[in-house]
Each structure stands twice: as C-alpha cells, then as structure tokens.
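The values are calculated or read from the model by the stated rules, or taken from the named source; none is laboratory data. Everything numeric here is computed off the predicted structure, so don't read it as measured data. Cβ sites come from the backbone with ideal geometry, for glycine too, and all protein chains shown count toward neighbours. These accessible areas exclude ligands, DNA and RNA; they are computed on the full protein's heavy atoms, side chains included. Shrake-Rupley method; radii C 1.70, N 1.55, O 1.52, S 1.80 Å.
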Amino acid sequence: MLSPCTILKMYWRTFVLVLSPILVAILPIVSATDESKCGYVMIMMAILWMTEALPLAVTALIPVFAFPVLGILPTGDVTRVYMKENIMMFIGGVTMAVAVEHCNLHKRIALFVILHLGQSPRRLMAGFMLTTMFLSMWISNTATTAMMVRVVDALLIELFTSSDKIEETVIPNGDFVVISNVQAPLELQGIENGGYVLDSDCECEVTKSGPIKCQRGKKEDKDQSRPKTIADMTLSDDCKALKDMCFLAVAYSANIGGTGSMTGTGSNLVLKGILASTFGESTGLNFASWMAFNVPGMILCVVCAWVWLQVLFMGLCRKGGQSIQKTTPEKEAALKKILSDQYKELGPITHQEKTVLFLFIVVVLLWLFRSPEFIPGWSDLFTDSNGKKLAIKDASSVILVIFLLFALPANLSFLKNIRSKEGPILPPAPGCLTWKVVQEKIPWGIVLLMGGGLALAEGCKKSGLSIWLGQQLVVFNAMPKLVTVFLICLLIAMLTEVASNTATASIFLPVLKEMAVNVNVNPLYLMLPATICCSYAFMLPVATPPNAIVYAAADMKSSDMMKAGIVMNILCVIIITVMINTLGVLMFDLYNMPDWALS
C-alpha cells in the first residue's frame, strides 16, 4: 500500500486543483462583493501560476469563464483584452526575433564579438556577457542562452583539454619519444608531432640528458577521445570554478538583457498594457524613453555581475582562485582558432542575413522615433481627413516589417533565371521568413499568459479589488519613498524566483498602480522598477529558462547557483532603486503627481 507521502508526491497537482478552489471559496461566501469575487479568481490564478499545477497558458484562460460566471465582466469585455495592441507588438517582436534566429544572424554577431574581445578568461567572460545581453534585448532569452551555451561549451572543452594534455614529439624512425616535461637534447626538439601516444605496456627509461627510449605507440583517435560536452569531463576544482563562472555569466546576462528594451520580456509589455488601458498614452513611457532609462541600468547590472563572478570564483571568496586567470599564448591561440573555425563555417554573409539585418535596424528606428517627445516623431506626419493626428502605435511598425520579411525573397535566384538563356531554371526563392518557422518557434503560451494577465488586471480594476488593495497598502506612506521602492523590488525579485515573471507582473502591477495613487506618488515610481525586478531571478534553476539551461549544461549544484544568485538579486535591486531615484526622477519627474495619473 502506498504511503501518504508517496501519494502526495505523485498526485500533488490533483490536490492543488481540487483543494485550492474549495479553500479559497471562503472569500466569495463570506463577502459576496465584486472585490471578493475578483480576489477569489486572483488568488486561484496566483496559486496555479506559482505551482504550475496546470500549464501557465491554460491558467491564463480562467478569466474567460470565471469573470462572466461571477458577474465581474461580460465575456466580450474579457476576451477583447486578450489581443490588445501591446500583445500584437509582442507577437511582432517575437516574430522579428525568430527571423534573426532563423537565418543564424545572432550566431554570426555572437562569434564576431567574442572573437575580437580576446581569449583570456576575463575577456572571454566579458564577451559572453556583452553578446548575450545585447541579443537578449531583441530575441528570446531562451534562444539566446541555448545558442551561447553551445559556444561556451566548445571553448571550455578546448581550454581544458589543451591545458591538461601532454604534448608529445615522435621521431620518424620510432625509436624515441620526447615528452615536453623532460629535458631532451637540443637536436631532438621541434620535430613534428605525429599524433602518437605511448603503448600502455611499454617500458620507458628516463634520463636527465637524453630522451625517453620506448617503442612507437599507436595512433590516437582524437575524435573518439575528445569529450562531446563539458559534463562528460572530469575536472579539477579550478576548472569547475571556471566552468560555473562562464555558464552563470551567460544566464545572468540573458535575464538582465531582457530589461533593456520594451519587447525584451513579456512583463515589460504587461506594464505598457496596464498603463495604456488605465491612463492612456500620455504617461511618457514609450520605446525610446524605456531604453533611455533601462539601458544604463542594464549595463551597470551586467558589469556588477562580471565583477561579482570574478570575486566569487577567482578572488576573495575562493582560495587559489587566482590560478583560473592564468593563461598561455598557446591556449588563447587554440581558443581563437575554435572561434575562427566556427565563424568560417557560417560562410560569407548571405542575402537573407543582410535583408533581416536591414529590416531589424529599420524596425528599431521606427520604434525609437515614432514619438520620442524631445523631437517630433514620424507618427505626427499622419493625420485623418479632419487634420486630427492618427494614433499609430508601435505594433503597426513591427507588423509592417514582418509583412516585408514574408514578402522579400531569401536569395536572388530569380536574377539568375532572368539572365540565364540555357540551363536549369531555379525554383522561386522562399521568403526571408516562412509561416512554418513562425508556427514552430513563437511561444504561443506566452501570448495567452499576457492576455490572462491583462484580463486579470481589467477584472481587478472593474471590481474595485485593486483600489481596495491599494488602500490597504497606504501604510507605506509613512516610510521614506526610497525604502518603499527597495522593499517592493526585493519582494518581487524573491517571488519571481518561484513564479513566471509575466505572471508576477500581472498580479502585482494593478495593485502597485492603485497603491501609488493612494500614497500620492507617480505610478511609474513603483511600477517601473517592480516590472524590471520581475527579470531579476538568479538564484534557482526553475526561476527562468536561461537558469535551467545553464544548470543542466554545466551540471552544477543548486547551492552554487543560489550562493551566486542571492548576491546578484540584492545588487540588482540596489541598482534599480538608485536608478529610479536619480535618472528616473530626472526623466519622468517622479516626485510630483502627474495630471495623467489624476484624470
């Protein structure tokens, strides 16, 4: 008979799904107000999102049936918010990222940067982090990490095998073998290595003035002896430290990089959607102002991560860590050759890559200069028949570019067909992006998750729950504003370790919006840093896909990730607290209550 612990372990999802609705039902039973009914749905979704008893995207569909049944919102109003402009912008941004990934442009950029930054451990880690950070601003953090992990794995294997192997020189007649750590006559030095190793049963005689006398060994099969992944190798403590340091650097950079642009992660667009639905477009937060505020903070966080990982694995926090920094010209040359070979394998840049790169730059410029506010934007040029300015949003820009990606050919084979008088006719070139690729690579579950978050926010607003919760948190008004921001950011950074960043943003941002109004501060002062902290999940493998990928690839201990991650959480929370009280105040006038928040 199964023990209760075994049953609970096997069927915990069933227990969560059955017991949670029953236990939380006390809210609408005791108080049948709209606030308590919406609170019931909110707590249920929070439990299911945090435990993942159901897929996140499936949980996000609960408002479609729960809000109409409980009388909070009609079905039409609920379903309408699942595909707002910011969700369309998210789909467009992800599709653009898929195009970059599909043509291998991201790998070309990564290898080029790492190849030219240098091959010492410090420079390599800087190259990994800068490349991952930049790519994660525009394409999926998961795809960026998966690609970078393969590059890091190949480089570490080369570094460890080149540092541990014994170089051998074979004399052509096979009478002697000279090993590099044995003093040998000068006339025997520099003979070309024939790739032989000693027989295991041969007897060798070592002398101070002469070579080792031994029979010729067998030819070594380097392909079979070379490990396929870093996890297959038995490493010394120093090598393990270097391995963990490099892999954690990739995960941290991917998480931080998502904060650099508005399309970097889903939680960023949840903030944009909540602000737009509540206050309209006059908040001053757009693609350009987002980057102007967040890119400096993103770079500061990555630099702190680069320094902290060196302190932890190379310096003060580890005995003998200085040996990790040691390198030789031979090792650096071997690593550079690996990078050069991988870059050469990509071949010359293709027409498809050039087209995608050009359109990528175009869409970023369209986002930045649609309505930059410090100068007139290009959207001001478009008016209706009455001369009224048209409300052109960022989604229009990216969908236009996506349309061009499907329409423009991946190669110029049609030119060869036109010029060719004889010979085979080449088939028409496919588009730079195909629908099959989009279907396979777009995370449709995240789209539903964002829709569910916006529906939850809409329900909280209509029911009055977010107003009630904001009134309960008015006690924070007694604290200094800086302390309030720090505590909120620290709380969210810790909670996002066990919950999706989009789900965390969907739960907390509506409450913080009302709290800000009640304590008479600019809503951006609380909501903007809280949104960014949803990406600061560095402690647990389950916190983010990048963490899980590097945890598996590096075969590291959870305790090692937690020890490094908890300091990163605190450092990044301090940085965003300082940034919002300096640059944020300067850009958005956060210490004064704006008119758009009082309307």
* **Test: V483 is surrounded by fewer than 19 Cβ atoms within 10 Å (Cβ to Cβ) and outside any helix (DSSP H, G or I)** => no
* Asked: Among (1) in a helix (DSSP H, G or I); (2) farther than 22 Å from N104 by Cβ; (3) among the polar types (S, T, N, Q), where does T355 come up short?
  -> (2)
* **Filter result (in contact with a Phe, Trp or Tyr (Cβ under 9 Å, 6 or more places away or on another chain) and not aliphatic (A, V, I, L, M)) within region 282-305** => S282, T283, G284, N286, F287, S289, F293, C301
* Asked: Residues of region 131-147 being more than 23 Å from A288 (Cα to Cα) and open to solvent by 10 Å² or more (accessible area, probe 1.4 Å), which ones?
  -> T142, A143, A146
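Please count how many residues of region 43-57 are in contact with a helix residue (DSSP H, G or I) (Cβ under 8 Å, 6 or more places away or on another chain) and either open to solvent by 40 Å² or more (accessible area, probe 1.4 Å) or over 23 Å from I29 (Cβ atoms) (or both).
From region 43-57, those in contact with a helix residue (DSSP H, G or I) (Cβ under 8 Å, 6 or more places away or on another chain) are 43-51, 53-57; that's our starting set.
Imposing the further condition that a residue be either open to solvent by 40 Å² or more (accessible area, probe 1.4 Å) or over 23 Å from I29 (Cβ atoms) (or both) reduces the set to 43, 47, 49-51, 54-57.
Total meeting the criteria: 9.
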* To do: Kindly indicate whether any position in region 513-523 is open to solvent by 50 Å² or more (accessible area, probe 1.4 Å), outside any loop (DSSP other than H, G, I, E, B), among the aliphatic types (A, V, I, L, M) and without any contact (Cβ under 8 Å) to a residue 24 or more places away in the chain.
  => no
* **Condition broken by A499, with the remaining ones in (1) among the hydrophobic types (A, V, I, L, M, F, W, C); (2) assigned to a helix (DSSP H, G or I); (3) closer than 14 Å to V270 by Cβ satisfied** => (2)
* Within region 352-396, can you find the residues that are within 27 Å of G264 (Cβ to Cβ), charged (D, E, K, R) and either touching a Ser or Thr at 6+ places or on another chain (Cβ under 7 Å) or surrounded by fewer than 14 Cβ atoms within 10 Å (Cβ to Cβ) (or both)? -> K354, R370, E373, D380
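Going by the conditions given, is P28 in contact (Cβ under 8 Å) with a residue 12 or more places away in the chain and open to solvent by less than 50 Å² (accessible area, probe 1.4 Å)?
On the way: in contact (Cβ under 8 Å) with a residue 12 or more places away in the chain: yes; open to solvent by less than 50 Å² (accessible area, probe 1.4 Å): yes.
Answer is yes for this residue.
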* Structure fact -> The residue from E35, E52 that alone is on the phi > 0 side of the Ramachandran plot and either free of Cβ contacts under 8 Å to residues at least 40 places away in the same chain or out of contact with any strand residue (DSSP E or B) (no Cβ under 9 Å at 6 or more places or on another chain) (or both) is E52
* Asked: Looking only at helices (runs of 4 or more DSSP H) that fall completely inside region 540-599, which ones have 1 or more residues that are among the charged types (D, E, K, R)?
  -> 558-581, 595-598
* Would you check if there is a residue in region 96-111 being more than 23 Å from I446 (Cβ to Cβ), modelled with pLDDT under 85 and β-branched (V, I, T)? => no
* Residue check for V302: β-branched (V, I, T), open to solvent by 40 Å² or more (accessible area, probe 1.4 Å) and either more than 30 Å from N592 (Cα to Cα) or modelled with pLDDT of 80 or more (or both) -> no
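Take F128 and decide whether it is modelled with pLDDT of 85 or more and open to solvent by 10 Å² or more (accessible area, probe 1.4 Å). Steps first, answer last, please.
On the way: modelled with pLDDT of 85 or more: yes; open to solvent by 10 Å² or more (accessible area, probe 1.4 Å): no.
Judged against the criteria, F128 is not a match.
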* Structure fact -> Scanning region 77-118 for residues that are open to solvent by 20 Å² or more (accessible area, probe 1.4 Å) and outside any helix (DSSP H, G or I), the one nearest to A391 (Cα to Cα) turns out to be K84
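Of all residues in region 362-394, how many are on the phi > 0 side of the Ramachandran plot and touching a residue at least 12 places away in the same chain (Cβ under 8 Å)?
Our first condition is that a residue be on the phi > 0 side of the Ramachandran plot; within region 362-394, this holds for 373, 387.
Next, only the ones that are touching a residue at least 12 places away in the same chain (Cβ under 8 Å) stay: 373.
Total meeting the criteria: 1.
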* Asked: Looking only at region 496-512, which residues are of a type in the set (V, I, T), open to solvent by less than 10 Å² (accessible area, probe 1.4 Å) and closer than 17 Å to L469 by Cα?
  -> T504
* Answer yes or no: is there a residue in region 68-76 that is of a type in the set (G, A, S), outside any loop (DSSP other than H, G, I, E, B) and under 26 Å from the mean Cα position of the chain (by Cα). => no
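Are there any helices (runs of 4 or more DSSP H) wholly within region 364-468 with 2 or more residues that are of a type in the set (K, R), at pLDDT 85 or above and closer than 24 Å to S140 by Cα, and if so which?
Values: elements: 394-407, 413-419, 435-441, 444-463.
Correct list: empty, since no element meets the threshold.
If a residue has to be hydroxyl-bearing (S, T, Y), open to solvent by 40 Å² or more (accessible area, probe 1.4 Å) and modelled with pLDDT of 90 or more to count, how many in region 552-586 make the cut? Step through it out loud before you land on a result.
Restricting attention to region 552-586, the residues satisfying the condition of being hydroxyl-bearing (S, T, Y) are 558-559, 577, 582.
Add one more test, that the residue is open to solvent by 40 Å² or more (accessible area, probe 1.4 Å), and what stays is 558-559, 582.
Next cut, modelled with pLDDT of 90 or more only: 582.
Going through region 552-586 one residue at a time, the tally reaches 1.
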* To do: Starting from region 396-417, keep only residues that are within 14 Å of K354 (Cα to Cα), then list their pairs with residues that are at pLDDT 75 or above and open to solvent by 70 Å² or more (accessible area, probe 1.4 Å) whose Cβ atoms are within a distance under 9 Å, requiring at least 6 positions of separation or different chains.
  => P409/P430; A410/P430; N411/P430
* To do: Could you check I62 against (1) open to solvent by less than 40 Å² (accessible area, probe 1.4 Å); (2) hydrophobic (A, V, I, L, M, F, W, C); (3) over 28 Å from S277 (Cα atoms); (4) in contact (Cβ under 8 Å) with a residue 60 or more places away in the chain and say which number it fails?
  => (3)
* Asked: Does region 447-454 contain any residue that is under 15 Å from C533 (Cβ atoms) and touching a Leu at 6+ places or on another chain (Cβ under 6 Å)?
  -> no
